[in-house]
1. Output the residues belonging to the range 1-57 that are of a type in the set (Phe, Trp, Tyr), buried (at least 19 other Cβ atoms within 10 Å of the Cβ) and more than 25 Å from Leu112 (Cα to Cα).
2. Please find, within the range 79-96, the residue that is surrounded by the most Cβ atoms within 10 Å (Cβ to Cβ) out of those that are in contact (Cβ under 8 Å) with a residue 40 or more places away in the chain and part of a helix (DSSP H, G or I).
3. I need the helices (runs of 4 or more DSSP H) fully contained in the range 1-78, keeping only those with at least 1 residues that are at pLDDT below 95, more than 17 Å from the chain's Cα centre (by Cα) and among the small types (Gly, Ala, Ser).
4. So if I check each of Glu99, Glu142, which one is in contact (Cβ under 8 Å) with a residue 40 or more places away in the chain and either of a type outside the set (Val, Ile, Thr) or over 26 Å from Gly49 (Cβ atoms) (or both)?
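The values are calculated or read from the model by the stated rules, or taken from the named source; none is laboratory data. Model, not experiment: these values are computed from the prediction. All Cβ positions, glycine included, derive from the backbone under ideal geometry; neighbour counts span all protein chains shown.
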Amino acid sequence: MVRQRWTVEDLAARHPRVAIDADVLIYLLDGSEPWATLAAAVIDAADQGVFKGSVSALAVAEVLVGPARGGDAARFEETASELRDLAIDIVPVSGAIAEDAAWLRGQRQLQLADALHVATARTVATAFVTNDRRIRSLANLEVLYIDELEA
């Protein structure tokens with residue numbers, strides 16, 4: 001399979017609003033290389049206003065699970081603060097998003113969390129950046145994989 005390479009500039013040219021999956025935020029905050037550098041390029045572009053970035057509120061919960069498991073309250077609070085300081089909108093899960101997630105879960109056999117991320121993305125963006133290969137593009141939402149980003 002030939003991988004579809006893309007750049008942040010390509011992304012911004014096609015999509016003024018971009019949703020970001022929890023895994024991208026985890027790479028960024030955990031420093032998991034080489035993905036952390038790629039995630040930083042996407043988040044930096046949102047921070048610079050190249051496009052409007054968004055995440056589901058569920059992503060915040062997923063990112064904070066790691067520090068919570070470790071029982072380190074200071075690290076938990078620091079990570080929560082870092083998330084709040086990112087120049088990306090945190091989108092609450094509404095009834096309409098939950099309904100769309102149920103449809104996506106039933107039709108595409110996505111896990112509930114993935115279906116919620118995709119449903120949220122469909123309400124606020126035309127692109128979704130992830131590294132989860134189970135998630136595929138669909139009408140009005142292009143899915144881009146972070147490991148295909150040319151930084």
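1. Let us first name the residues in the range 1-57 that are of a type in the set (Phe, Trp, Tyr), namely 6, 27, 35, 51.
Imposing the further condition that a residue be buried (at least 19 other Cβ atoms within 10 Å of the Cβ) reduces the set to 27, 35, 51.
Hit for the range 1-57 is Phe51, nothing else.
2. Residue satisfying both the conditions and the ranking: Thr79.
3. Numbers: elements: 8-14, 22-30, 35-47, 57-70.
Qualifying helices (runs of 4 or more DSSP H): 57-70.
4. Numbers: Glu99 fails: in contact (Cβ under 8 Å) with a residue 40 or more places away in the chain.
Unique residue meeting the criteria: Glu142.
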